[in-house]
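The values are calculated or read from the model by the stated rules, or taken from the named source; none is laboratory data. On a predicted model such as this, the values are computed, not experimentally measured, just so you know. FYI the Cβ positions are ideal-geometry reconstructions off the backbone, even for glycines, and counts take in every protein chain you see. Ligands, DNA and RNA are stripped out before the accessible areas are found, and what is left, the full protein with its side chains, is counted by its heavy atoms. Shrake-Rupley method; radii C 1.70, N 1.55, O 1.52, S 1.80 Å.
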Amino acid sequence: MLNELKKSKKSNADKRVAFLKKIKIEAIVVKKVINGKTYYRVQSGAFSSKSKAEKMIKKLKNNQIKVAFCN
């Protein structure tokens, strides 16, 4: 699972998901409340191997997208 940095506005997260879909990457918005503040995390992928996840990270970086973490 790849997670992008949190967005404080759902509309920003939705825009990111729309952009990812344009470059053929499936993604979803996940709502998370931390210390009473709502954030929206953009998540993509469920990978069967580390190499597939690394390939996706490279594709994201080539499109100027910063990945927060991969787990």
Practice task
Note down the magnitude of the dipole of the chain about its Cα centre, charges +1 on Lys and Arg C-beta and -1 on Asp and Glu C-beta and zero elsewhere, to the nearest 20 debye.
Solution key: 160 debye
Practice task
Give me the angle, in degrees from 0 to 90, between the Cα long axis of helix 50-62 and the longest principal axis of the Cα atoms of the chain, rounded to the nearest 10.
Solution key: 70 degrees
Exercise for the section: Report the full-extension gain for the segment K61 to S49: residue separation times 0.36 nm, less the Cα-Cα distance, to one decimal in nm. Expected result: 2.4 nm
Fill in the blank from the handout: With the 1.4 Å probe rolled over protein heavy atoms, the chain has an accessible area per residue in Å² of 71 Å²
Exercise for the section: Quickly estimate the mean residue ellipticity at 222 nm for the chain, helices only: each DSSP H run with n ≥ 4 gives -39500 (n - 2.57), and the total goes over all residues, rounded to 500. Expected result: -11500 deg cm²/dmol
Problem - Qualifying aspartates and glutamates (Cα of each under 20 Å from Cα of K15; at least 8 residues distant if same chain) - result: E4, E26
Exercise for the section: Report in % the part of the accessible area of the chain that belongs to carbon and sulfur, leaving out ligands and nucleic acids; probe 1.4 Å. Expected result: 52 percent
